[in-house]
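Written out below as structure tokens is the structure these notes cover.
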Amino acid sequence: MDRNLLNRQRRNFLALLGRTGKAALLPGVLQIAAAEVVAGSAIFSSSVEAQTRPGDPLIEPPQIRSKNGTLETTLTAAKGELRLGSFSFPGRMYNGEYIPPVLRVRLGDTLKIRFNNRLPDEPSNLHFHGMSVSPRGNSDNVFVHVPPGGSFDYQVNIPANDRQGPGMFWYHPHAHGVVTPQILGGMSGGLVVEGMDERFPVLKGMPERLLFIKHVEHEGREVVSINGQINPVVSIRAGELQYWRIAHIGATLFMKFALDGLPFYVVATDGHVLSRPRRITEFFMGP
Ligand SMILES: [Cu+2]
């Protein structure tokens, strides 16, 4: 990691300490205030109402589920115009989406992904973050660099037991020298290994929300979004329980996640299932 990036992360970390990701409890709804912060300084701004449509319901991202033990799909990386609220900037995206499909697999499944690199001048590849899978051959091999215009067929066998458990993971490029701009441009997506409800039966049938947090610098400011939305609203009835799977799938920002006045119970962190739910009121997230 270069020194500038490290310093920026430190400053962001200090700037965000105790300030980011606050949610306001409105009558009948929880508003997740995806914050906008000023990068590289201790100034924090949550006044994004003018540029966004607060109150828009949280969008559920597209999802692809494995069938008969296999999840077969194509991810194509390309440049494109990225729109976030009123912001617009050049992005790098999978399948033209800032929030590409969430891949949902089961233990023992096989991921078969045709990866097309249509970025004009950068190599890229796929890394399956947090997964206990083989780093060799055409599996989760970060030494594979797919050149511009090239394609690669990944096959990732997910262990049925032992070292791999259920949980929330993510995929992103891991090609040396271009990782940060590619992730910040939009190249990252969610990966769910099913089975959490077998560890915690209380989750069976509970409404699930997927929250993918991304951030991008725009004109010196850090634009933070959830599922590609700024200030989305999650509806929840009084007394209702919801299962939220929250992933920070950005590159360099540290942020605090809290629901003002509401406790929640953590059942897993970083793809590791806890032995029992832990009641907390806030937590820190790195990418
Ligand atoms: Cu990673």
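Among residues other than R114 with Cβ under 9 Å from its Cβ, the summed charge is -1 (Lys and Arg +1, Asp and Glu -1).
The H on the amide N of H218, modeled in the peptide plane, is under 5 Å from the matching H of V223, each at least 5 residues off or on a different chain.
Which of the three applies to the range 243-287, rounded, prolate or oblate, going by the alpha-carbon gyration tensor with a ≥ b ≥ c and a/c under 1.5 meaning rounded? The shape class here is oblate. Computed over the range 73-184, the percent of Cα pairs more than 20 Å apart is 41. Using θ = phi - 60° in the Karplus curve 6.51 cos²θ - 1.76 cosθ + 1.60, the 3J(HN,Hα) couplings for the range 119-136 round to 6, x, 9, 9, x, 7, 6, 10, 10, 10, 5, x, 7, 8, 10, 5, x, 10 Hz; x is entered for Gly and Pro. Of the GluC sites (Glu not before Pro) found in the range 196-287, the ones in coil according to DSSP and having at most 10 other Cβ atoms within 10 Å of their Cβ are E219, E240. Taking amide H positions as modeled 1.01 Å from N, with prolines and chain starts lacking one, no residue 5 or more places away or on another chain lies under 5 Å from E282.
Residue ranking by accessible heavy-atom surface, 1.4 Å probe, largest first, among D197, D162 comes out as D162, D197. For the listed residue pairs K112/K214; K67/K204; K79/K256, the alpha carbons are over 22 angstrom apart in K112/K214; K79/K256. A DSSP coil position with no more than 12 other Cβ atoms inside 10 Å describes the following trypsin sites (Lys or Arg not before Pro) in the range 145-254: R163, K204, R237.
The values are calculated or read from the model by the stated rules, or taken from the named source; none is laboratory data. Bear in mind the structure is a predicted one, so any value in this text is a computation, not a measurement. A quick note on method: Cβ atoms are made from the backbone with ideal geometry, for glycine too, and the neighbour counts reach across all protein chains shown. Heavy atoms of the whole protein, side chains included, go into the accessibility calculation; ligands, DNA and RNA do not. Shrake-Rupley method; radii C 1.70, N 1.55, O 1.52, S 1.80 Å.
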